[in-house]
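As structure tokens, the structure follows; a few thoughts come after it.
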Amino acid sequence: MAGHDGDQGVMTSANPEAKLWLRAARKEATRRALPLFAAELAERALATGQAIAAGMALSTLFAPTPLPIGASLAAFALLALGRAGLLALIERLAARLSHEGRGALRAELLARLFAAGPALLQRRHSAELAALLLDAVEQLEGFYGRAAAAALTALGGPALVLAAALALDPSAGLVLLGAGLLVPFGMAVAGIGAARAAGRQFIALTRLQTRFLDRVRGIATLILYGRIQAEAEALRRAADELRRRTLAVLRIAFLSSSVLDLALVAAIVGVAVIEAKSGAAPARAIALLFLVPEFFAPLRAFSLAYQDRMRAKAASESFAILPPLPPPAPARAVRTIAARGVSLAFERVSVIYDPARRPALSGGSFRAAAGETLILRGPSGAGKSTILDLLLGFVKPSAGEILINGIPLDELTLEARTRLIGWVGQRPLLFAGTIAENIRLARREASDEEVARAAALAGVMGFAAKLPRGLATRIGEGGFGLSGGEAQRVAIARCYLKDAPLLLLDEPTAHLDPATERAVLDALRRLVAGRTVLIASHATAVFTFGDRILDLREGEVVGLTRVGSVA
């Protein structure tokens, strides 16, 4: 699967970026969890008092006590009501912290994904990224909700119970302390195993999602080549691998629970033996026995939270596949660019994807004046699409500088760049919805009249008028229901609606028959008028409305000539 190097992959590497993210996430989660910790500590105090009140009430069955049974039961009931209210508050606080934490994390990951751009898909499968943004984040529900507060309560809660036990009987309190000290060792062993198991489980989940998405996309090809049964069997094996690795996580979780149960039983037996030998009063003995489960309750919660922390550690290695956000660039005034037109300048720009291969662009220098149409010509791999990707911000230059109206491109904000640029690719991406909705993607606030005008200018009405509902006709995902030329005209209508001063066209007439190509070129000829345009194309018909031709060979600029001066 793309993006994975086996079970020893991202989950076990000592990635410094992952460590930094995890450290910052824990610090922020702890800061936000302080109100939850205060509520949990108050609940532990009430639980301690409730255990003592229950012991005093039950001891009246064996011997008289200084406090009447009615008073003991009343105290128990009041403490129980207070504790129930605190437990409800704790659940609400934990749910809110979890929701806010996961929301903030998903927003950060989306920002990093968008900053990386489509170039990231050359290294990572889209299903892997989807699993990262959805499943990996959801696995941190406990980390953001309870883990930070549980770590604090695991110290404060047992300390409250231990103080009460030591006040009642120092010997019994020491037994509790000894049993409690055994718990962290067991949890550490189980937690390390849980982190590894969770990492392997996430890899198995990502593999299954990637395979499933690929096969759904290529279902027509699989049917034509008779590979349905073979691929179904491969999916079954991937699902079985996920099942086995999920059960491995559960086994480790049960092991951690067993360590706690053994420590709890040992503490109960130890306290019972000490109280029996000392001939203690029934009230004290029963109260101490009730305090034992309350002592271990925060430790049990921390055991679950510790596994959540280990999941967060495993997830942090996955998040490291996304590049960090670039530092915020200073905003420059862009309000005059549209009024004066847009000029471009590439100054010795190089792009190196892989040091072992030749540069995709090597020291390219050229200029495009405002309102000029520049044709990028060259064989496949010459660097045409790289130039467009640089302007779109999907690729960063390895060297050199790109200027828009004299302003370095990397100093323009994303919002400014988005306002400036319109783009039409080889295969426009259309979404399931109406034709009008797909056009309005360029400018969400556009009126129906503006959408209709853009559709008319792009030639969309030529076929939409024949459809039952016109622009309100629904199409399927990927433009299902439209021909290639019709889908391309919808993309051109988006550019008309956006009215951006800089147009980037990447093989806009590829895969079209001659008649459809002429229709698309007519729409483009109207669109490019008065704008600065870069067109990457092999089609000679495109040259008829260009001003100059930039010839590229193997990533190098080899010529810049005017249209008409060359054959």
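The values are calculated or read from the model by the stated rules, or taken from the named source; none is laboratory data. Since we're looking at a predicted model, the values are computed, not measured. No Cβ is skipped: glycine too gets one built from the backbone with ideal geometry, and neighbour counts run over all protein chains shown. Side chains are part of the model used for accessible areas, which takes the heavy atoms of the whole protein and leaves out ligands, DNA and RNA. Shrake-Rupley method; radii C 1.70, N 1.55, O 1.52, S 1.80 Å.
The single condition among (1) modelled with pLDDT under 85; (2) within 30 Å of Ala510 (Cβ to Cβ); (3) open to solvent by 60 Å² or more (accessible area, probe 1.4 Å) that Val395 does not satisfy is (3). Taking first residues from the stretch 482-497 that are more than 9 Å from Pro428 (Cα to Cα) and touching a residue at least 24 places away in the same chain (Cβ under 8 Å) and partners that are of a type in the set (S, T, N, Q) and surrounded by fewer than 24 Cβ atoms within 10 Å (Cβ to Cβ), the Cβ contacts under 6 Å between residues at least 6 apart in sequence or on separate chains come to Gly485/Thr516.
When the residues of the stretch 376-400 are filtered to those that are in contact (Cβ under 8 Å) with a residue 24 or more places away in the chain and among the polar types (S, T, N, Q), the one that is farthest from Asp354 (Cα to Cα) is Ser385. Taking the condition of being open to solvent by less than 40 Å² (accessible area, probe 1.4 Å) and not in a strand (DSSP E or B), how many residues in the stretch 544-564 meet it? Total meeting the criteria: 3.
Screening Gln426 on (1) touching a residue at least 24 places away in the same chain (Cβ under 8 Å); (2) at positive phi shows it passes everything except condition (2).
In summary, Glu437 fulfils each of the numbered conditions (1) crowded, with 22+ Cβ neighbours inside 10 Å; (2) in a helix (DSSP H, G or I) with the single exception of condition (1). Selection of the stretch 528-546 for residues being modelled with pLDDT of 80 or more and of a type in the set (Ser, Thr, Tyr) yields Thr532, Ser537. When Leu429 is tested against the conditions (1) farther than 30 Å from Gly476 by Cα; (2) at pLDDT below 85; (3) out of contact with any Pro (no Cβ under 9 Å at 6 or more places or on another chain), the lone failure is (1). If you check Gly142, Gly103 for being open to solvent by 10 Å² or more (accessible area, probe 1.4 Å) and either under 19 Å from Leu322 (Cα atoms) or among the charged types (D, E, K, R) (or both), only one passes: Gly103. The set of residues from the stretch 108-139 being open to solvent by 60 Å² or more (accessible area, probe 1.4 Å) and more than 22 Å from Leu205 (Cβ to Cβ) comprises Phe114, Pro118, Gln122. Specify the residue that is farthest from Arg102 (Cα to Cα); the eligible residues are those in the stretch 1-48 that are polar (S, T, N, Q) and modelled with pLDDT of 75 or more. So the residue we want is Thr48. Figure legend. Inter-residue proximity from the stretch 61-76: first residues closer than 16 Å to Arg284 by Cα and surrounded by 12 or more Cβ atoms within 10 Å (Cβ to Cβ), second residues of a type in the set (Val, Ile, Thr) and at pLDDT 65 or above, beta-carbon distance below 6 Å, spacing 6+ or different chains. Indicated pairs: Ile69/Thr60. Whenever a residue of the stretch 271-292 is more than 16 Å from Thr60 (Cβ to Cβ), its partners that are of a type in the set (Ser, Thr, Tyr), lying with C-beta atoms within less than 9 angstrom and at least six residues away or across chains, give the pairs Val271/Ser171; Ile274/Ser171; Glu275/Ser171; Ser278/Ser171; Leu291/Thr48.
Picking from Ser362, Ser385, which residue would you name as being open to solvent by 10 Å² or more (accessible area, probe 1.4 Å), in a strand (DSSP E or B), at negative phi and out of contact with any Pro (no Cβ under 8 Å at 6 or more places or on another chain)? Let's see the steps before the verdict.
Working: Ser385 fails: in a strand (DSSP E or B).
After ruling out the rest, the residue left standing is Ser362.
Examine the stretch 193-210 for a residue that is open to solvent by 40 Å² or more (accessible area, probe 1.4 Å), modelled with pLDDT under 75, part of a helix (DSSP H, G or I) and under 30 Å from Ser316 (Cβ atoms), and state whether such a residue exists. There is at least one residue in the stretch 193-210 that is open to solvent by 40 Å² or more (accessible area, probe 1.4 Å), modelled with pLDDT under 75, part of a helix (DSSP H, G or I) and under 30 Å from Ser316 (Cβ atoms). The set of residues in the stretch 407-422 being more than 26 Å from Gly470 (Cβ to Cβ) and assigned to a strand (DSSP E or B) consists of Ile407, Pro408, Ile421. The combined condition, being in contact (Cβ under 8 Å) with a residue 12 or more places away in the chain, touching a strand residue (DSSP E or B) at 6+ places or on another chain (Cβ under 7 Å) and at negative phi, is fulfilled by Thr373. If you go through the stretch 423-434 and pick out every residue that is open to solvent by less than 20 Å² (accessible area, probe 1.4 Å) and assigned to a loop (DSSP other than H, G, I, E, B), you end up with 2. Candidates are the residues of the stretch 220-236 that are open to solvent by 90 Å² or more (accessible area, probe 1.4 Å) and assigned to a helix (DSSP H, G or I); the one that is modelled with the highest pLDDT is Arg236. Scanning for something under 25 Å from Ile404 (Cβ atoms) and either free of Cβ contacts under 8 Å to residues at least 12 places away in the same chain or open to solvent by 10 Å² or more (accessible area, probe 1.4 Å) (or both), does the stretch 507-514 turn up at least one residue? Scanning the stretch 507-514 turns up at least one residue that is under 25 Å from Ile404 (Cβ atoms) and either free of Cβ contacts under 8 Å to residues at least 12 places away in the same chain or open to solvent by 10 Å² or more (accessible area, probe 1.4 Å) (or both).
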